[in-house]
Amino acid sequence: MEFKFQHIFILLSVALVASHAALPSHEDYWKSVLPNSHMPKAVKDLLHPEWMEDKSTDVGVSKGGVNVEAGQGKPGGTNVGVGEGGVGVNSGKSGTNVGVGKGGVVVGTRTKSGKPVYVGVTPGASPFVYKYAAEENQIHDNPNVALFFLEKDLYKGNKMKLHFFKSTDDHASFLPRQVADSIPFSSEKFPEILNRFSLNPSSEEAEIMKKTIQECQEKGIKGEEKYCATSLESMVDFSTSKLGQKVEAVSTETEKETPLQKYRIVGVKKMSEKKAVVCHKQKYAYAVFYCHKTETTVAYKVAVMGDDGTKVKAVAVCHKDTAAWNPKHLAFQVLKVKPGTVPVCHFLPEDHIVWIPKY
């Protein structure tokens with residue numbers, strides 16, 4: 001099932017408003033810590049759920065709780081109510097229903113016919129984790145396969161078959177740090193996490209979230225400093241603690257989503273020399289990023305143009321030392337090379353971020 005937790009940000013933030021908690025905005029924090037750094041699209045896309053950009057949304061706070069209504073009275077709008085029983089969201093006959101009470105959060109989506117929508121999500125480890133081992137059947141029909149290449153292939157005029165995409169389709173947004181920090185994020189407290197979100201322990205969502213937490217808790221390989229950021233603020237803090245206050249965050253930006261096709265490299269610019277922090281978006285109920293820093297990573301800005309004319313401002317990272325990687329990593333199987341022999345590179349999906357020092 002596809003994650004339908006895009007309203008968690010709404011619900012938990014509204015609940016805090018109801019309890020008179022002050023929530024500074026993500027933008028304010030970014031500006032205070034990184035006043036001279038541009039906020040990349042990958043970050044902007046995760047700041048707010050779509051309803052917050054809808055001018056037809058009204059929020060009212062009274063003794064009875066908080067009410068949010070959107071849609072100007074038309075079917076399909078959104079209604080959020082916070083009272084003693086918790087938080088409830090209803091969005092029209094063909095919209096989304098979200099309820100938060102003592103049991104946690106319940107989310108369901110229905111089509112115009114009233115039937116629920118289920119979208120398959122394949123569980124499994126992230127191919128951007130160095131310990132990741134790919135099964136042979138995972139190489140076929142895997143969009144990540146097209147992202148890996150060798151550094152010697154990174155030159156102007158070269159053509160590569162690529163597919164740029166967002167690595168997760170869950171629309172999960174950043175939670176304010178106060179909210180994210182109040183929610184457990186550990187294997188030992190996983191039953192409590194499931195209860196918070198009213199998830200069945202045997203559900204596919206529960207299995208995916210469990211895997212994400214396990215990957216975050218595993219020790220990194222030699223030379224890797226890793227951290228899972230559960231909020232934008234914590235991601236900023238980790239990156240600046242490793243690279244200094246003068247940093248730049250960059251993400252891949254495409255004009256439009258395109259299928260797998262040939263792209264021609266029209267420009268290459270090196271952004272960093274060995275030191276960088278790369279943050280990969282994980283599958284979870286809200287925005288969580290697996291961030292890791294090594295001293296052997298080089299980042300590039302790569303301008304490419306597809307056969308259909310689509311322009312992409314891509315970000316690529318090259319790992320100079322892969323000796324400690326899992327020998328069965330997807331990259332080695334795709335490129336037919338062995339660990340530690342040649343630099344291994346990959347383009348970043350649209351919702352991943354690389355942090356580099358500004359000199």
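The values are calculated or read from the model by the stated rules, or taken from the named source; none is laboratory data. Nothing here was measured: the structure is a model prediction, and the numbers come from that model. Because the Cβ atoms are built from the backbone with ideal geometry, glycine has one as well, and the counts that use them run over all protein chains shown. Remember, those area values only see protein heavy atoms, side chains included, never the ligands or the DNA or RNA. Shrake-Rupley method; radii C 1.70, N 1.55, O 1.52, S 1.80 Å.
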- Note on the structure: With criteria (1) acidic (Asp, Glu); (2) open to solvent by 60 Å² or more (accessible area, probe 1.4 Å); (3) modelled with pLDDT of 90 or more, residue 136 comes up short on (3)
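Does residue 280 satisfy the condition of being touching a Ser or Thr at 6+ places or on another chain (Cβ under 8 Å) and either open to solvent by less than 10 Å² (accessible area, probe 1.4 Å) or within 19 Å of residue 216 (Cα to Cα) (or both)?
Details: touching a Ser or Thr at 6+ places or on another chain (Cβ under 8 Å): yes; either open to solvent by less than 10 Å² (accessible area, probe 1.4 Å) or within 19 Å of residue 216 (Cα to Cα) (or both): yes.
Judged against the criteria, residue 280 is a match.
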- Residue pairs qualifying under the 7 Å Cβ cut-off, at least six apart or on distinct chains, with the first in region 19-42 being of a type in the set (D, E, K, R) and part of a helix (DSSP H, G or I) and the second being open to solvent by 30 Å² or more (accessible area, probe 1.4 Å) and modelled with pLDDT of 90 or more, are 41/253
- Is it the case that region 299-311 has a residue that's open to solvent by less than 10 Å² (accessible area, probe 1.4 Å) and closer than 15 Å to residue 152 by Cα? yes
- Output yes when any residue across region 321-332 is open to solvent by 10 Å² or more (accessible area, probe 1.4 Å), closer than 28 Å to residue 173 by Cα and at pLDDT below 90, and no when none is. no
- Note on the structure: The lone condition residue 263 fails out of (1) hydroxyl-bearing (Ser, Thr, Tyr); (2) part of a strand (DSSP E or B); (3) farther than 17 Å from residue 316 by Cα is (3)
- Considering residues of region 166-186 that are within 23 Å of residue 127 (Cα to Cα) and open to solvent by less than 20 Å² (accessible area, probe 1.4 Å) only, the residue modelled with the lowest pLDDT: 170
- Could you list all residues from region 196-217 that are assigned to a helix (DSSP H, G or I) and either open to solvent by 90 Å² or more (accessible area, probe 1.4 Å) or without any contact (Cβ under 8 Å) to a residue 12 or more places away in the chain (or both)? 207, 217
